[in-house]
Amino acid sequence: MADNRAFYNEILIDHNMHPGHKHDLPDADVEMRGYNPSCGDDITMKLKLAEGVVVDGAFQGSGCAISQASADMMLDLVIGKSEEEALRLADIFLRMIKGTASEEEIDELEEAGVLQDVSHMPARVKCAVLGWHTLEQMLDKKA
């Protein structure tokens, strides 16, 4: 468990300190704000879509390390995927947090799978799922 915790912390810190997708995306096709009033996490997610594929994505805003890192990991995972696949991955992530995703499904989440431990920290669940819920709402609204 100590090795997993160190790996979790390393990935979380890296995505929080050096987010690859935390910037503006002026030519985005869809944009939505995600806000968690209980802790103040506040992000604006932007996606560029072409022919049903998420071709680029970015987020801006502020919040705790978990919300920021989770949004960054999510974009790493869904850019280049179809909208349908992005929604499927979001569903797996949300089920992982609830403790109902299989190990095979969690493996599909790549780095985002390290956030599985958040399910044991009820106060942090909303932080971890903020970006994923925002993505779902964006793609469902567009459909």
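Values in this text are rule-based calculations from the coordinates and carry no lab data. Please read these numbers as outputs of a predicted model, since none were measured by experiment. Please note: Cβ atoms are built from the backbone with ideal geometry, for glycine as well, and neighbour counts cover all protein chains shown.
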*From Leu135, Leu89, Leu94, Leu75, grab the single residue that is closer than 17 Å to Asn16 by Cβ and in a helix (DSSP H, G or I).*
Leu75
*Among the residues of the stretch 36-52, count how many are surrounded by fewer than 17 Cβ atoms within 10 Å (Cβ to Cβ) and in contact with a helix residue (DSSP H, G or I) (Cβ under 7 Å, 6 or more places away or on another chain).*
3
_Can you find, within the stretch 36-59, the residue that is farthest from Val129 (Cα to Cα) among those that are without any contact (Cβ under 8 Å) to a residue 24 or more places away in the chain and either under 16 Å from the mean Cα position of the chain (by Cα) or part of a strand (DSSP E or B) (or both)?_
Ala50
*All but one of (1) in a helix (DSSP H, G or I); (2) within 26 Å of Asn9 (Cβ to Cβ) hold for Ala101, so report the exception by its number.*
(1)
*Hey, could you check the stretch 33-87 for residues that are of a type in the set (Ser, Thr, Tyr) and touching an Asp or Glu at 6+ places or on another chain (Cβ under 7 Å) and say which is nearest to Met138 (Cα to Cα)?*
Thr44
